[in-house]
């Protein structure tokens, strides 16, 4: 079986599709505490869908390999993909619930998220194999950690173009996937977890910070990862490759909601790599797109489009 999606997309994202249930709080609760939320919004989300929307809104022809359920949240989860023009020919509709993300956002714009996979559990090896032709034809393939490991590994195996691995969350995958990532995109905590796994440790260590970030990137490169981008939130990103280590600062903005900022970054990165930019140029644009995304509420609704003014 092959996908009904058109082949030849510049960017193909293999990943999750969620409905985000978002509430604002003055501060995040501590364990055992109840706090009052100010309101509730149901917005489109999921790391895979977010990244596909971000890439498509910047002009990259984009397809998504994913799944939604048959419940009332499916339409909400798809609400941003269709207007952005993402090809959904490789999207399955499976009996049961759509993936959900329970998101709380505090007064400083920082978020806390719990993800319930739902239909995303269907995006496994056989589902990806069914759309192998679409994956193989892409200039850039993007995978994350919100689908089954077999789906991520089959997507990596099918990739003939450039593979972007955003290992978020930092789940276990075959080390061969990490060594094909060009780049591996992780935050500080995820970078440390991935390094511990490659070192043969328990897979969890303290997050890297400051000078340690460069050391972690250097060690990831030494393990055979072709290039690494560590996202640093308001500080921007650190790029490491055989050409050296380069920090890329982010423009200063007033953050309203950081939900989806990392996905906006990855989608923009993929779009620019697919357009032929080198890694540093792609990251330079991606940090500006990520900064733009924190100025609005929610993930996909805050993503800029091609032609929009970007901070910095």
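The values are calculated or read from the model by the stated rules, or taken from the named source; none is laboratory data. Please read all numbers here as calculations on a predicted model, not as lab measurements. All Cβ positions, even for glycine, are placed from backbone atoms using ideal geometry, and neighbour counts span all protein chains on display.
Of note:
- Selection within region 133-149 - within 21 Å of residue 276 (Cβ to Cβ) and part of a loop (DSSP other than H, G, I, E, B): 138, 139
- In region 18-39, the residues that are under 19 Å from residue 72 (Cβ atoms) reach residues that are part of a loop (DSSP other than H, G, I, E, B) with C-beta atoms within less than 6 angstrom, at least six apart or across chains, in these pairs: 18/46; 19/98; 23/37; 23/40.
- For residue 298, the criteria (1) surrounded by fewer than 16 Cβ atoms within 10 Å (Cβ to Cβ); (2) out of contact with any helix residue (DSSP H, G or I) (no Cβ under 7 Å at 6 or more places or on another chain); (3) farther than 16 Å from residue 184 by Cβ hold in every case but one, which is (1).
- Flag if residue 38 is part of a loop (DSSP other than H, G, I, E, B), at pLDDT below 95 and surrounded by 24 or more Cβ atoms within 10 Å (Cβ to Cβ): no
- Qualifying residue in region 87-109 (condition: in a helix (DSSP H, G or I), modelled with pLDDT of 95 or more and crowded, with 24+ Cβ neighbours inside 10 Å): no
- In region 247-273, residue surrounded by the most Cβ atoms within 10 Å (Cβ to Cβ) [restricted to those that are more than 29 Å from residue 215 (Cα to Cα) and either without any contact (Cβ under 8 Å) to a residue 40 or more places away in the chain or in contact with a strand residue (DSSP E or B) (Cβ under 9 Å, 6 or more places away or on another chain) (or both)]: 257
- Within region 41-65, the set of residues being part of a strand (DSSP E or B) and within 15 Å of the chain's Cα centre (by Cα) comprises 44, 45, 62, 63, 64, 65.
- The set of residues in region 219-255 being more than 20 Å from residue 291 (Cα to Cα), in a loop (DSSP other than H, G, I, E, B) and touching a helix residue (DSSP H, G or I) at 6+ places or on another chain (Cβ under 9 Å) consists of 223, 224, 225, 242, 243.
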